[in-house]
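Enquirer: Pasting in a structure now, in structure tokens, and then I'll have a few things to ask.
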Amino acid sequence: MTKPYAEVIGDPIAQSKSPLIHRFWLDRLGIDADYRATRVAPDALAAYFADRAADPAWRGCNVTVPHKVDALDHVPDPGNVRGSIGAANTVFRTADGLAATNTDAAGFLSPIAELDLTGKPVVVVGAGGAARAVLFALSKVGVGPVTLLNRTPLKGAALLSTFGLKGQALPLSARLPSAALLVNTSTLGMTGQPPLELDLLPLPADAIVYDIVYSPLETGLLTQAHERGLDTIDGLDMLVGQAALAFELFFGQPAPREHDEELREALLG
Ligand code: ATR
């Protein structure tokens, strides 16, 4: 029988860091399985899932751009991903067949699991696909008012309402309120994109600045937060967190997170 395998699908796919992460964990656990990257064009998505559903060696896939929404047309959605986050990042096998889920929200929360954010004010920058997972997660932990900064504030207001969050949506130029946590979910600060320019001065000394961008790892936002002496969380933490949850769904064992430092070095190398 062919080796068990999982994969990440997208178009393009060469940039994905998922193979490195999953292979690192497979290797550490001595599991004889593969994890690969497969380019799937949008018009080939239905055929892809039909093919893999019939392949007993296939354990599932991570789903990235541009398939995160469309995957839900081809796979059962028992966790109501479409109705909540609106996009899937993981498809896996269950006793009943294939199932779609989204591990981004839990992956986002994993580095801040120890914090008590109940009722605390939070700032979120961005209102795209990544913001949906972050706002969904924040709604589950019962944060206080959310100030959502976005180039298009109307999109931000719609998302606050979708996730039942109190707060307001403002343009990127608005002055920051005091907040326990600031999260950048926008593409600003990513390699090749304009920087995210915020004045962090209104944040208190114990605020945490979390940038989910991981390329580059040290964004201008995080540099500014470091200069202010604020605690920071970078995008690799969320990337590894969401991957760990998918890994367990694919291979039935928890990811060996005790090797995180070595994994980070491998991802940066
Ligand atoms: P993702 O799925 O990674 O979240 P996305 O859905 O394209 O990507 O969302 C990108 C986010 O970055 C949005 O909040 C977008 O602002 P708009 O909602 O106004 O489009 C923001 N963004 C991208 N490029 C930007 C730019 N040049 N200036 C300001 N905001 C930008």
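The values are calculated or read from the model by the stated rules, or taken from the named source; none is laboratory data. Quick caveat, the model's predicted, so the values are computed rather than measured. Heads up, the Cβs are rebuilt from the backbone with ideal geometry, glycines too, and the neighbour counts pull from every protein chain shown. Remember, those area values only see protein heavy atoms, side chains included, never the ligands or the DNA or RNA. Shrake-Rupley method; radii C 1.70, N 1.55, O 1.52, S 1.80 Å.
Enquirer: Quick one: Debye curve from the alpha-carbon atoms of the range 16-96 only, equal weights, vacuum; give me log10 I(q)/I(0) at q = 0.15 Å⁻¹ to two decimals.
Expert: For the range 16-96, the Cα-only Debye profile gives -0.60.
Enquirer: Right, next: Enumerate the amide H contacts of ALA6 below 5 Å, restricted to partners 5 or more residues apart or on another chain; note that Pro and chain-start residues carry no placed amide H.
Expert: ASP34, TYR35, ARG36, ARG59
Enquirer: Per 5 Å bin, what percent of the C-alpha pairs of the range 129-228 does each bin hold, from zero upward?
Expert: Bins of 5 Å from zero give 2, 13, 24, 26, 22, 12, 2, 0 percent of pairs.
Enquirer: Right, here's the next one. Determine the share of the chain's accessible area contributed by carbon and sulfur atoms, expressed in whole percent, with a 1.4 angstrom probe. Let's see the in-between values first.
Expert: On the way: 6530 of 12290 Å².
It is 53 percent, rounded to a whole number.
Enquirer: Let me ask you something else. Would you please give the residues with an amide H less than 5 Å from that of VAL69, counting only those at least 5 places away or on a separate chain, with H modeled from the backbone geometry?
Expert: ALA88
Enquirer: Against the 2.2 N^0.38 Å scaling, with N counting residues, where does the range 205-269 land? I'd like the Cα-based Rg ratio to two decimal places. Spell out each step's value before the answer.
Expert: Working: Rg = 13.8 Å, N = 65, 2.2 N^0.38 = 10.7 Å.
Rg over 2.2 N^0.38 Å, computed on Cα atoms: 1.29.
Enquirer: Then there is this: Return P(r) of the chain (all Cα-Cα pairs; 10 Å bins starting at 0; whole %; ordered from short to long distances).
Expert: P(r) for the chain, in whole percents per bin: 7, 29, 34, 22, 7, 1, 0.
Enquirer: Turning to a different aspect of this structure: Please identify the longest segment of the chain free of exposed trypsin sites (Lys or Arg not before Pro), where exposed means a DSSP state other than H, G, I, E or B and no more than 16 other Cβ atoms within 10 Å.
Expert: Working: sites that count: ARG82, ARG151, LYS166, ARG175, ARG228.
So the longest stretch without any such site is 1-81.
Enquirer: Per residue of the chain, what 222 nm ellipticity follows from adding -39500 (n - 2.57) for every DSSP H run with n ≥ 4, rounded to the nearest 500?
Expert: That comes out to -9000 deg cm²/dmol.
Enquirer: Within the chain, what is the longest stretch that has no GluC sites (Glu not before Pro) placed in a DSSP loop and near at most 15 other beta-carbon atoms within 10 Å? Let's see the in-between values first.
Expert: On the way: sites that count: GLU114, GLU197, GLU218.
Counting only loop sites that pass the neighbour cut-off, the longest clear stretch is 1-113.
Enquirer: Let me ask something else about it. For the range 195-202, in order, what is each residue's ³J(HN,Hα) by Karplus, 6.51 cos²θ - 1.76 cosθ + 1.60 with θ = phi - 60°, in whole Hz (x at glycine and Pro)?
Expert: Once rounded to whole Hz, the list reads x, 8, 9, 10, 8, 7, 3, x.
Enquirer: Using only Cα atoms, locate the centre of the range 190-233 and the centre of the range 65-131, then give the distance between them in Å, rounded to an integer.
Expert: 24 Å
Enquirer: Before I look further, what does the chain give for accessible area per residue, probe 1.4 Å, in whole square angstrom?
Expert: Value for the chain: 46 Å² per residue.
Enquirer: Regarding the range 62-198, what whole-number volume in Å³ per residue does the convex hull of its Cα atoms give?
Expert: Values: hull volume 16.3 nm³, N = 137.
That works out to 119 Å³ per residue.
Enquirer: Which aspartates and glutamates have a Cα lying under 16 Å from the Cα of LYS140, excluding residues fewer than 8 positions away in the same chain?
Expert: ASP104, GLU114, ASP116
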